[in-house]
Amino acid sequence: MNRVTYICGGCRSGKSSFALQLMQTFERKAFIATAQALDEEMHQRIQRHQQERGQSFFTVEEPLDPAQALSRLSGDTQAAVLDCLTVWLGNLMHQELVQDNTCQQLENFFALLASPPCHVFVVSNELGMGLVPGDSLSRRYRDMMGRINQRTASLAHEAYFVVSGMPLRLK
């Protein structure tokens, strides 16, 4: 049975590195990247992530519909990392695809988690532990991310919170 593992934590907490550690036992693995190199700083972040995971992953860059990317993976793919939900939601909001706190891409993603095509390791940031954002768009984003994280964690078979590079198993 394919399983979903949810990994969250703060920025630079070691979430992605932990996901890659969990993937070591799989031979045929994929990486679904949601980030876009829209500026030099993001380009450098993407390069660091690519170097960290090496050549052992089949990489799919999909900023808007990771469920579709996951469902199109080769049938012999054993596991995939989706990194990350936080960037993905920003992409969806930037493209104005979110209406009434949802969109078809989100609903497709949740449906896929109920019956994943392979083991899926989902990485996301925990945004609700900091200051309340000062503007309504940022508050809407933070609140929506919190709801997406809750729903993803509820669908996951395992969940981890990573702090300072140390994973804490939640379920």
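The values are calculated or read from the model by the stated rules, or taken from the named source; none is laboratory data. None of the values given here were measured: they were computed from a predicted structure. Cβ: placed from backbone, ideal geometry, glycine included. Neighbour counts: every protein chain shown. Heads up: the accessible areas ignore ligands, DNA and RNA and are worked out on the full protein's heavy atoms, side chains in. Shrake-Rupley method; radii C 1.70, N 1.55, O 1.52, S 1.80 Å.
Annotations for the structure displayed:
- Qualifying residue in the stretch 118-133 (condition: under 15 Å from residue 66 (Cβ atoms) and in a loop (DSSP other than H, G, I, E, B)): yes
- Test: residue in the stretch 29-48 that is touching a Lys or Arg at 6+ places or on another chain (Cβ under 8 Å) and within 20 Å of residue 158 (Cβ to Cβ): yes
- Residue match in the stretch 117-131 (condition: closer than 16 Å to residue 152 by Cβ and exposed (fewer than 14 other Cβ atoms within 10 Å of the Cβ)): yes
- Only one of the numbered conditions (1) farther than 22 Å from residue 20 by Cα; (2) aliphatic (A, V, I, L, M); (3) crowded, with 18+ Cβ neighbours inside 10 Å; (4) out of contact with any Cys (no Cβ under 7 Å at 6 or more places or on another chain) is not met by residue 92, and that is (4).
- Counting only helices (runs of 4 or more DSSP H) that sit completely within the stretch 1-87, those holding 2 or more residues that are open to solvent by less than 60 Å² (accessible area, probe 1.4 Å), modelled with pLDDT under 95 and in contact with a Ser or Thr (Cβ under 9 Å, 6 or more places away or on another chain) correspond to 40-53.
- Residue match in the stretch 143-161 (condition: in a loop (DSSP other than H, G, I, E, B), in contact (Cβ under 8 Å) with a residue 60 or more places away in the chain and closer than 25 Å to residue 3 by Cα): yes
- Residue 114 vs. criteria surrounded by fewer than 16 Cβ atoms within 10 Å (Cβ to Cβ) and touching a helix residue (DSSP H, G or I) at 6+ places or on another chain (Cβ under 9 Å): yes
- Close contacts from the stretch 121-133, counting a first residue that is more than 21 Å from residue 17 (Cα to Cα) and a second that is charged (D, E, K, R) and open to solvent by 60 Å² or more (accessible area, probe 1.4 Å), with Cβ to Cβ under 7 Å and a gap of 6+ residues or different chains, come to 132/139; 133/139.
- Where a residue in the stretch 24-47 is free of Cβ contacts under 8 Å to residues at least 24 places away in the same chain and its partner, wherever it lies, is part of a loop (DSSP other than H, G, I, E, B) and open to solvent by less than 50 Å² (accessible area, probe 1.4 Å), with Cβ under 6 Å and at least six apart: 46/35
- Screening the stretch 97-107 for residues that are open to solvent by less than 60 Å² (accessible area, probe 1.4 Å) and polar (S, T, N, Q) and picking the one that is farthest from residue 57 (Cα to Cα) gives 102.
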